[in-house]
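The values are calculated or read from the model by the stated rules, or taken from the named source; none is laboratory data. None of the values given here were measured: they were computed from a predicted structure. Methodologically, a virtual Cβ is constructed for each residue, glycine included, from the backbone with ideal geometry; neighbour enumeration extends over all protein chains shown. Surface areas here come from the heavy atoms of the whole protein model, side chains and all, with no ligands, DNA or RNA. Shrake-Rupley method; radii C 1.70, N 1.55, O 1.52, S 1.80 Å.
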Amino acid sequence: MPQPTELLPYTLLLSGTAGLLYVVALLTVALVSVLASAQDRRKDARTTLGILVRRRPR
């Protein structure tokens, strides 16, 4: 069984990759919500963006 210290770099790499993919998804949806020519597409993108960055009550 591997030691936790051996798994740490892989865990950090996986976490960083997941975070980067999330940020790319947010930026893509934000750009579509601003730059899309169709009103329906902009509205859908804004709704999706609202879902992705929804804040939960404390």
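Stretching the chain fully between Ala30 and Leu52 yields a gain of 6.9 nm (0.36 nm per residue, less the alpha carbon separation). Other residues with beta-carbon under 10 Å from the beta-carbon of Val34 carry, at +1 per Lys or Arg and -1 per Asp or Glu, a net charge of +2. Comparing Ala25, Ile51, Leu8 along the charge dipole axis of the chain, the residue lying farthest to the positive side is Ile51, per the Cβ-charge model.
The charge dipole of the chain, taken about its Cα centre with unit charges on the Cβ of Lys, Arg, Asp and Glu (plus for the first two, minus for the last two), comes to roughly 460 debye. Per residue, the accessible area of the chain comes to 93 Å², computed with a 1.4 Å probe over protein heavy atoms only. In the chain, helical runs assigned H by DSSP with n ≥ 4 each contribute -39500 (n - 2.57); averaged across all residues and rounded to the nearest 500, the mean residue ellipticity at 222 nm is -28000 deg cm²/dmol. In this structure, Thr17 and Arg42 have a Cβ-Cβ separation that, at R0 = 22 Å, corresponds to a calculated FRET efficiency of about 0.15.
Principal-axis analysis of the Cα atoms of the chain puts helix 4-35 at an angle of about 10° to the longest axis.
The portion of the accessible surface of the chain made up by carbon and sulfur, rounded to a whole percent, is 66 (1.4 Å probe; DNA, RNA and ligands excluded).
When only Cα pairs below 8 angstrom with a gap of at least 6 residues are kept, the chain shows a relative contact order of 24 percent. Shape analysis of the chain based on the Cα gyration tensor places the equivalent ellipsoid semi-axes at 35, 14, 6 Å, largest first.
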